[in-house]
Amino acid sequence: MTNRGAAARPGSALGCRGRKRLALFSSRLFDPNRRRPVDPPGGDLEGRREPRFGPAAQIPAPRSRAKHPVKGAPPAPAPVDPQAMTRTTARWPQRVPPWLRWSAALGLAVMLVPYVLAPFYRYGEPVSTLMLWRWASGARVERLWVPLEGMSPALLRAVMAAEDARFCEHHGIDWGALRHVVETAEDGGEWRGASTITQQLAKNLFLWQGRSFVRKGLEFPLALFIDAVLPKRRILEIYLNLAEWGPDGEFGAEAAARRAFSRPARDLTLAQAALLAATLPNPIDRNAAHPSRPLLRLAALYQARVRRSASADICVLAPMTNVRTSGIPQHYPL
């Protein structure tokens, strides 16, 4: 009897607990900040399914694990929009460090410098990167610039027979010779050079010495561009005045002729020109003044090529002789 009376009295502990629960239920029921329940992935609360395609297909927001807000608590944060996150993630260039952007711009500018300078080499007396390096290191450099008119026609034909027999036919790159080299290497043969005179000129003017695939990749488009903006005679003239032709800093045909035969390049015979052409791949170890037997055999091969080729060098010799193919000199003093 005593317990029943205590439960009925309004001031008892059981009555206080009931009033507290009623107040909490009322606050949750009538709270304006109370969040609506989230629809299930398959549809709404009444079982109606939402379309899975089209503009009405919306990604359901994840159900919040937080407790229901009480009266006076701050509002819950708004759900994250996945499309806004995608748009923010797509702006990746803004997160690239400034030093990386500047480095890429500087590298691109350096790569474009040869394409800006090449058209201006129609005139003047250019120098090679190797000559600049020797000058900067204090090494000896000897170069006497001579135009094509001041060189023996035998030297021009011997160099073309040795380095680039199809110089007048291709446009900077001899694709046939390059294909033959690749097929020979695939069959187990030895890799050998297939660089044209234009490619070697691109290397001498703007690139570095040595063999590397990176240099070859830069050399190919540059050779095509040089062949497009410079005439064949000018390409050969620059090449013959820039080629390294001695172990002690001799550059150009004039310095090579004076060192090996004590005569100017204008007075070279076919045999002497063939010897100079045979030393071009390795001027450090090959000496035209004191040739070895392999060097003499190679020079004889180049002489035979010159005598067999009647019009292979028409693009460079015709303006010098002022005649057509039949007027090109084909016999030289031995």
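Ala271 satisfies every condition listed in (1) among the hydrophobic types (A, V, I, L, M, F, W, C); (2) more than 21 Å from Asn204 (Cβ to Cβ); (3) open to solvent by 60 Å² or more (accessible area, probe 1.4 Å) except (3).
Quick grid of which residues meet (1) closer than 19 Å to Thr196 by Cβ; (2) open to solvent by less than 20 Å² (accessible area, probe 1.4 Å); (3) part of a loop (DSSP other than H, G, I, E, B):
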position: Ala277; (1), (2), (3): yes, yes, no
position: Arg286; (1), (2), (3): no, no, yes
position: Pro294; (1), (2), (3): no, no, no
position: Arg297; (1), (2), (3): no, no, no
position: Arg305; (1), (2), (3): yes, no, no
position: Cys315; (1), (2), (3): yes, no, no
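Among the conditions (1) within 24 Å of Leu275 (Cβ to Cβ); (2) surrounded by fewer than 22 Cβ atoms within 10 Å (Cβ to Cβ), the only one that Ala158 does not satisfy is (2).
The condition of being within 17 Å of Leu268 (Cβ to Cβ) and of a type outside the set (Phe, Trp, Tyr) holds for only one of Met151, Met131, that being Met151. Look at the stretch 209-221: where a residue is closer than 20 Å to Leu130 by Cβ and a partner is in a loop (DSSP other than H, G, I, E, B) and of a type outside the set (D, E, K, R), sitting 6+ places away or on another chain with Cβ atoms under 8 Å, you get Arg215/Leu207; Arg215/Trp208; Leu218/Leu207; Glu219/Ser195; Glu219/Leu207. Can you tell me which residue within the stretch 317-334, out of those that are assigned to a helix (DSSP H, G or I) and open to solvent by less than 40 Å² (accessible area, probe 1.4 Å), is modelled with the highest pLDDT? So, considering only residues that are assigned to a helix (DSSP H, G or I) and open to solvent by less than 40 Å² (accessible area, probe 1.4 Å), the one modelled with the highest pLDDT is Leu317.
Considering only residues in the stretch 171-194 that are open to solvent by less than 30 Å² (accessible area, probe 1.4 Å) and outside any helix (DSSP H, G or I), the one that is modelled with the lowest pLDDT turns out to be Ala194. Against the list (1) out of contact with any Ser or Thr (no Cβ under 7 Å at 6 or more places or on another chain); (2) under 16 Å from Ala256 (Cβ atoms); (3) not small (Gly, Ala, Ser), the condition His180 fails is (2). Residues in the stretch 106-124 that are farther than 15 Å from Phe206 by Cβ and surrounded by 10 or more Cβ atoms within 10 Å (Cβ to Cβ) were compared, and the one that is farthest from the chain's Cα centre (by Cα) is Arg122.
Filtering the stretch 161-170 to residues that are within 15 Å of Ala194 (Cβ to Cβ) and either open to solvent by 30 Å² or more (accessible area, probe 1.4 Å) or in contact with a Leu (Cβ under 8 Å, 6 or more places away or on another chain) (or both) leaves Ala162, Glu163, Ala165, Arg166, Phe167, Glu169. Reported count of residues in the stretch 117-152, each being within 23 Å of Ala277 (Cβ to Cβ) and either in contact with a Leu (Cβ under 6 Å, 6 or more places away or on another chain) or outside any helix (DSSP H, G or I) (or both), is 13.
The values are calculated or read from the model by the stated rules, or taken from the named source; none is laboratory data. Just so it is clear, the model here is predicted, and its values are computed rather than measured. Here Cβ is always computed from backbone atoms with ideal geometry, including for glycine, and neighbour counts include all displayed protein chains. Heavy atoms of the whole protein, side chains included, go into the accessibility calculation; ligands, DNA and RNA do not. Shrake-Rupley method; radii C 1.70, N 1.55, O 1.52, S 1.80 Å.
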